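Worksheet for the structure shown next.
The values are calculated or read from the model by the stated rules, or taken from the named source; none is laboratory data. None of these values were measured; they are calculated from a predicted model. No Cβ is skipped: glycine too gets one built from the backbone with ideal geometry, and neighbour counts run over all protein chains shown. For the accessible areas, the whole protein counts, side chains as well, though only heavy atoms, and no ligand, DNA or RNA atoms are used. Shrake-Rupley method; radii C 1.70, N 1.55, O 1.52, S 1.80 Å.
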Amino acid sequence: TSVCPCCQLTAVANSKSEIIMGSRQVEKDSFRPATVMTLSRLGKVTNERQSIGGAPWQINGCPLKPTVVAVHDSKIFAASHSGGEATPGVIFSVSNDGGKSFKPRGIVHPSAAVSDAPTITVNGSRVLLAWHAKVGSAPRRVYYRFYSLSGEPIGEIQELDSAPGVSQFPVTAARSDGSFQLLWQQADRIWSTTLTAK
């Protein structure tokens, strides 16, 4: 109950075939935290919804911002746009106990005027987080960063090398060789590239 009606659900399965589901909760006075919960193979709640953290976001309406999740063993990685931050943007959080609690890692792109539409994938040794953002007067572009399994950033934030103009709405997947496939929308086309974690 109390699920934000228009913030789309997301879900991944862990090695136990449990479902890790991202959603947004509506609390008293219309605070709307991004949350993660775990469902057993039988659909029973294993872990109740837990906020992934970040500054409280009070908004009288649905922000239309999903909570994306990725999982490796007992670690769960989550990201979502939060309008509660001093500079609205994508926040990143890590659970080391299978979703019982989350440790927020903060805004992923503090120099951006706004960041949004995160996507997150883990390949077993690295986490790839991608999003689109507006930096300065430049049009919306896709950015990404790698993280360790403990949630520590690896290297700097990278702007995706793509054609001029607006690039947006990235999605990612991990390949069996350990590389990542990143796809994004540019004008009326979908583009794709392969990234290798260093």
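So here's what we get for this one:
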quantity	calculated
Computed over segment 52-198: relative contact order in percent, which uses C-alpha pairs under 8 Å that are six or more apart	16
Label-to-label distance, nm, for residues given as Leu39 and Ala55 (7 Å Cα→Cβ offset)	3.3
Difference of contour (0.36 nm per residue) and Cα-Cα distance, Ser137 to Thr194	17.7 nm
Shape box of segment 92-194 [Cα atoms, principal axes, largest first, Å]	41, 32, 22
Average Cα contact separation per residue, segment 135-198, under 8 Å, 6 or more apart, as relative contact order %	24
In segment 5-86, the trypsin sites (Lys or Arg not before Pro) that fall in loop regions by DSSP, at most 15 other Cβ within 10 Å	Lys16, Arg41, Lys44
Average accessible area per residue (Å²) across the chain - probe 1.4 Å, nucleic acids and ligands excluded	50
Rounded to whole Å, sorted largest first: equivalent-ellipsoid semi-axes of segment 140-198, Cα gyration tensor	22, 14, 9
Global geometry of segment 1-100, whether rounded, prolate or oblate, following the gyration tensor of its Cα atoms and the 1.5 cut on a/c	prolate
For segment 63-106, the fraction of alpha-carbon pairs in successive 5 Å shells from zero, as %	6, 23, 28, 22, 13, 7, 1
Computed lengthening from Lys100 to Glu159, 0.36 nm per intervening residue step minus Cα-Cα distance	17.9 nm
Expected-Rg normalisation [2.2 N^0.38 Å, Cα atoms] applied to the chain	0.98
Segment 55-198, accessible surface, carbon-and-sulfur percent (1.4 angstrom probe)	52
Value of relative contact order over segment 48-88, rounded to a whole percent, pairs C-alpha under 8 Å and six or more apart	43
Size of segment 84-151 as Cα extents on the principal axes (Å, biggest first)	40, 26, 15
